[in-house]
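Working notes, structure below.
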Amino acid sequence: MAVFETVGDLSVKFGKDVFMKHLEPLFMSYFTNTAASVRETGIAKAELIGKEFGGPWIAEVFVPKIIKTFEEDQMGYNYRM
């Protein structure tokens, strides 16, 4: 969870370009973590990132990627069953 918190903080510190290029894949992976506390931290950090990067970016870029992450995780989960 500490890594996740740090990724969120670094995203805000270094901006959208660094986040998109280097940190986003790691950040998205935490939304599918089996520990609820990790997912909750991700949601809190997503809110922080959203405030920093702006509503339009969240709506147009970030939310669709979160949805895709959940869909891919769900498909993989169903496949493993």
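What follows is calculated from the coordinates using simple rules that are stated; it is not laboratory data. All figures in this text were calculated on a predicted structure; none of them were measured in a lab. Cβ sites come from the backbone with ideal geometry, for glycine too, and all protein chains shown count toward neighbours.
Across segment 58-68, computed HN-Hα scalar couplings (Karplus, 6.51 cos²θ - 1.76 cosθ + 1.60, θ = phi - 60°) run 4, 5, 8, 10, 6, 4, x, 6, 5, 4, 4 Hz from first to last residue, x flagging Gly and Pro.
Using helices alone, what [θ] at 222 nm do you get for the chain, with -39,500 (n - 2.57) per DSSP H run of 4 or more residues, divided over all residues and rounded to the nearest 500? That calculation yields -22000 deg cm²/dmol at 222 nm. Under 13 Å of direct C-alpha separation, and excluding same-chain neighbours fewer than eight residues apart, Lys51 reaches these aspartates and glutamates: Asp9.
Measuring spread by the Cα atoms of segment 1-75 yields a radius of gyration and Dmax of 11.5, 34 Å. What's the local net charge at Lys16, with K and R +1, D and E -1, over the other residues with C-beta under 14 Å away? Combined, the nearby Lys, Arg, Asp and Glu give 0.
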